[in-house]
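The values are calculated or read from the model by the stated rules, or taken from the named source; none is laboratory data. Predicted model, so just to flag it, every value in this text is computed and none were measured. All Cβ positions, even for glycine, are placed from backbone atoms using ideal geometry, and neighbour counts span all protein chains on display. Side chains are part of the model used for accessible areas, which takes the heavy atoms of the whole protein and leaves out ligands, DNA and RNA. Shrake-Rupley method; radii C 1.70, N 1.55, O 1.52, S 1.80 Å.
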Amino acid sequence: MSYFRAENLSLRFGGLKAVDAVSFAVEKGEILSIIGPNGAGKSSIFNLISRIYRPTSGRIFFEDQDITEEPPYDIARLGIARTFQNIELFENATVLSNLLVGRHRHSTTQLWQELLFLPSVRANEKVHRRRVEQVIEFLDLEAYRDKPISGLPYGVRKVIELARALCSEPKLILLDEPSSGLNVEETDDMSFWIRDMRRELGVTVLMVEHDMSLVNRVSDRVIALNYGRVLAMGSPAEVQQHPDVVAAYLGA
Amino acid sequence: MRFLFKTDYEDDIRLFPHSGYVVSYGSLFAVLLVAPYVLSSYLMSQLVFVCIYATVGVALLILTGFTGQASLGHAAFLAIGAYTAVYLQQFNVPFPVYFLAAGLLTGVIGALVGFPALRLQGIYLVIATISFAFIVEEILARWESVTNGNEGMRVKALSLFGTAVSRDSPAFYFLCLAVLVLTIVGTLNLLRSPTGRAFVAIRDSETAARSMGVNVALYKVKSFAISAAITGFAGVLFAHKLSFISPEMFTLQLSIEFIIVILIGGTFSLHGAVLGAIFIVMIDPFLTYLKDDMPGIIAGVAATLGAGKERAAHIQDGIAAFASLNGLKGAIYGVIIVLFVLFEPLGLYGRWLKIKLFFQLFPLYKRATFKRQKIYVKSERNR
Ligand SMILES: Nc1ncnc2c1ncn2[C@@H]1O[C@H](COP(=O)(O)OP(=O)(O)OP(=O)(O)O)[C@@H](O)[C@H]1O
Ligand SMILES: [Mg+2]
């Protein structure tokens, strides 16, 4: 059995088939990239996995459990974290509080305990903060730690989103265009982090990406998508030479 | 300037980040403790109202400022707290019991209001909470067997541990102050725990909050319940202070006053709720002063500046007529709301922070320090 599996996933918006009978599997510890032209349905697949959208048909399995009907907040609890193509940070909070929200799935304290800030809450907080501090160090975010998000540059926000996802100690992480809007250096950093994430933290990565050099550097396998359908699947080189993929990118 | 070196996670968790806070809050507290033995009874009365309004302000701040759910129905929560207390008084229930019962019942009703509110946002939520408040007002007026209808209810004097506590006594003021302080401490505790952060996350991006594992519906209901419960507690004190309650005391105007409390104070800060409460409570004496003394003073000034006797009297009449215009208070509220929303969205507390920073950085302060960068990336697609 695969670690993560999508079976015959479909999503329709009225007459538009955003995702059309897509099936794929992700192995544990793998880095799998999804590529495809604009509007191919890549983000829609992520939104199906994180249950922002409900699939028209098809099923999703994670660690042999059917998660198609799970409520959205339980997806994170199962160990699937994500970033967003358009950055969804908590604008009016500091970087530190943003990252601490990432710890939410590990919080065990009750409301009344928190109102009194009992020693158990304090102890939990320290654990959360230690973990967050490790992620801050891992992604070099020390300089921004106490700054509010509003006012931070785009590139930094991208990294903070990644950090927030990592703070939840995910088993599987979904990255929607991690390098969009980053300059060459920042993209380099991103490629190192993605590989370190797998090596040091044991995270499995599913990534949507337009930057082919980044895709080639980090991915084990690639899936190419167009008009919601899978065109090709295989090693980065295989997929990029596939005639259908070439045609799709040339707009034929 | 002060530089903080953090060496422990405690440094981020602590309520008072450094010794300066202990000194300033300590002295404020000392002033508040001696206040009843120094201030006139009228000002003491106003101070009690400041405590009650600030408590409601903090409650509203939790719901609106931190969770991002607007409410124009808090007068109704205040009413439910007040009426529960007075109703239970008839059966000789002791104060601690009816105080807790009023808070709990209001909290439960708050949660019930929270459920239908889950599907509503922005202006629709405002309309829904207004409707809720109207329904409550109507029930209070009609359910005569319990609420005595429009006749209103007399509130028996508070008795605590067998001794009567007059509503003008220092003891009553200390009770209100204690409730306010406990509310603030509880809220600060919440803000440094997962629940408070979940509230803020919901305010800024429900989508992201959800994908981080926050059960958005549950936390919204929690926020409604907490906010309502605190307002219910304040309602009990409100009833005691007024010694008489009737439905027309808990109208939309009162809910608007609560909104103004947090709007003027600053929608993100607890300090703001207190500043806003001081403002809203003091505007009444200020208007009275305007009505009674201002015309005479200005006429006097005009006279010394060489205006004729007739002219001075004319000015005096004009100002007196203006100051006693009906609806002047409402108009002032309206102007205040508009001005604050336009020019000082962070409220009085935001203004204070700017002034403080100006002196800390002097002479290096830059005018653009607080200018927000505009970044248009947020997607409206997955709301
Ligand atoms: N909420 C929605 N309502 C209607 N149509 C939608 C919605 N979300 C996405 N679509 C459409 O579904 C299709 C797939 O969109 P999706 O965002 O998944 O593309 P994508 O592959 O991520 O593209 P990009 O590279 O531009 O991010 C597009 O045609 C898009 O217009
Ligand atoms: Mg996309």
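How crowded by other chains is A:74-82, given as the mean number of beta carbons from other chains within 10 Å of each beta carbon? Before the final figure, lay out each step's value.
Numbers: counts 3, 4, 6, 3, 1, 1, 2, 3, 3.
Whole-number average of other-chain Cβ neighbours for A:74-82 is 3.
Report the full-extension gain for the segment residue B:43 to residue B:138: residue separation times 0.36 nm, less the Cα-Cα distance, to one decimal in nm. Walk me through the intermediate numbers first.
On the way: separation 95, 0.36 × 95 = 34.20 nm, distance 3.37 nm.
Value of the extension gain: 30.8 nm.
Divide by every residue of chain B the summed helix terms, -39500 (n - 2.57) for each DSSP H run of at least 4, and state the resulting mean residue ellipticity at 222 nm, rounded to the nearest 500 deg cm²/dmol. Don't jump to the answer; show the numbers that get you there.
Details: 17 runs with 268 residues, N = 383.
Using -39500 (n - 2.57) per qualifying helix, the result is -23000 deg cm²/dmol.
Rounded to a whole number, what % of the accessible area of the range A:90-167 do carbon and sulfur atoms account for, probe 1.4 Å? Don't skip to the end; give the middle numbers.
Working: 1650 of 3010 Å².
That fraction is 55 percent.
What ³J(HN,Hα) values, in whole Hz, does the Karplus curve 6.51 cos²θ - 1.76 cosθ + 1.60 give for the range B:281-294 when θ = phi - 60°, with x put for Gly and Pro?
The phi angles translate into 6, 7, 5, 5, x, 5, 5, 4, 4, 4, 6, 7, 9, 4 Hz.
For peptide A:105-115, what's the mean number of Cβ atoms from other chains within 10 Å of each residue's Cβ?
Working: counts 4, 2, 6, 1, 3, 1, 8, 1, 3, 9, 9.
Partner-chain Cβ atoms within 10 Å, mean over residues of A:105-115: 4.
Once phi is turned into θ = phi - 60°, what whole-Hz ³J(HN,Hα) does the Karplus curve with 6.51, -1.76 and 1.60 give for every residue of the range B:217-230, x standing for Gly and Pro?
These are the phi-based 3J(HN,Hα) values: 4, 4, 6, 5, 4, 4, 5, 4, 5, 4, 4, 5, 4, 4 Hz.
Please give the contour-minus-distance gain from residue A:77 to residue A:189: 0.36 nm per residue of separation, less the Cα-Cα distance, rounded to one decimal in nm. Intermediate results must be reported in sequence, preceding the final value.
Numbers: separation 112, 0.36 × 112 = 40.32 nm, distance 2.82 nm.
Net length gain for the segment: 37.5 nm.
Quickly work out the residue B:331-to-residue A:63 label distance, labels modelled 7 Å from Cα along the C-beta direction, and quote it in nm with one decimal.
My value for the distance between the label points is 6.6 nm.
List the cysteines in the protein assembly as shown whose Cβ has no other cysteine Cβ under 4.7 Å from it.
Cysteines of the protein assembly as shown left without a disulfide-compatible partner: A:167.
Among A:237, A:224, A:21, whose mean-square fluctuation peaks in a Gaussian network model of chain A (Cα, cutoff 10 Å)?
A:237
So who's got an amide H within less than 5 Å of the one on residue A:226, skipping anything under 5 residues away but keeping other chains? H placed 1.01 Å off N, in plane.
A:231
Could you work out the relative contact order of chain B, using alpha carbon pairs under 8 angstrom and six or more residues apart, expressed as a whole percent?
On the way: 479 pairs, mean separation 97.9, N = 383.
This gives 26 percent for chain B.
Report the A-B buried area as the accessible area lost on both sides summed, probe 1.4 Å, in Å² to the nearest 100.
Details: alone 12260 and 21620 Å², together 29860 Å².
Summing both sides, the interface buries roughly 4000 Å².
Give the shape of the protein assembly as shown as rounded, prolate or oblate, defined through the alpha-carbon gyration tensor: a ≥ b ≥ c are the square roots of its eigenvalues, a/c under 1.5 means rounded, and otherwise the shape is prolate if a/b is larger than b/c and oblate if not.
Numbers: a/c = 2.20, a/b = 1.94, b/c = 1.14.
Because a/c hits 1.5 or more and a/b exceeds b/c, the protein assembly as shown counts as prolate.
Springs between alpha-carbon atoms under 10 Å, Gaussian network over chain A: tell me which of A:78, A:162, A:16 tops the mean-square fluctuations.
Its mean-square fluctuation being the largest, the pick is A:16.
What nm value, rounded to one decimal, do you get for the distance between residue B:93 and residue A:235 when each label is placed 7 Å out toward the C-beta?
Inter-label distance under the simple model: 7.6 nm.
Apply the a/c threshold of 1.5 to the C-alpha gyration tensor of the range B:17-146 and tell me whether it is rounded, prolate or oblate. Let's see the in-between values first.
On the way: a/c = 2.31, a/b = 1.35, b/c = 1.71.
Taking the square roots of the gyration eigenvalues as a ≥ b ≥ c, the range B:17-146 is oblate.
Let me have the relative contact order for the range A:52-158, percent, based on Cα pairs under 8 Å that are six or more residues apart.
Values: 56 pairs, mean separation 33.8, N = 107.
Across the range A:52-158, relative contact order equals 32 percent.
Quickly rank A:171-184, B:144-157, A:80-93 as a protection proxy: mean count of other C-beta atoms within 10 Å, highest first.
Details: A:171-184: 19.9, B:144-157: 14.7, A:80-93: 22.9.
Averaged packing, sorted descending, gives the order A:80-93, A:171-184, B:144-157.
With the Cα gyration tensor of chain B giving a ≥ b ≥ c as the square roots of its eigenvalues, does the rule (a/c under 1.5 for rounded; else a/b larger than b/c for prolate; else oblate) give rounded, prolate or oblate?
Details: a/c = 1.41, a/b = 1.08, b/c = 1.32.
Rounded, because the longest to shortest axis ratio a/c is under 1.5.
In chain B, which longest range has no chymotrypsin sites (Phe, Trp or Tyr not before Pro) that are both DSSP loop (not H, G, I, E or B) and surrounded by at most 10 other Cβ atoms within 10 Å? Don't skip to the answer; put the middle values down first.
Details: sites that count: B:3, B:5, B:91, B:161, B:376.
Within chain B, the longest run free of exposed chymotrypsin sites (Phe, Trp or Tyr not before Pro) spans B:162-375.
Straight-line reach from residue B:354: which aspartates and glutamates have a Cα under 14 Å away, not including same-chain ones fewer than 8 places off?
Straight-distance partners of residue B:354: B:344.
Please average, across the residues of A:87-95, the number of beta carbons from any other chain that are within 10 Å of each residue's own beta carbon, and give a whole number. Each step should come with its number before you reach the end.
On the way: counts 6, 13, 6, 10, 6, 6, 6, 0, 0.
Averaged over the peptide's residues, the number is 6.
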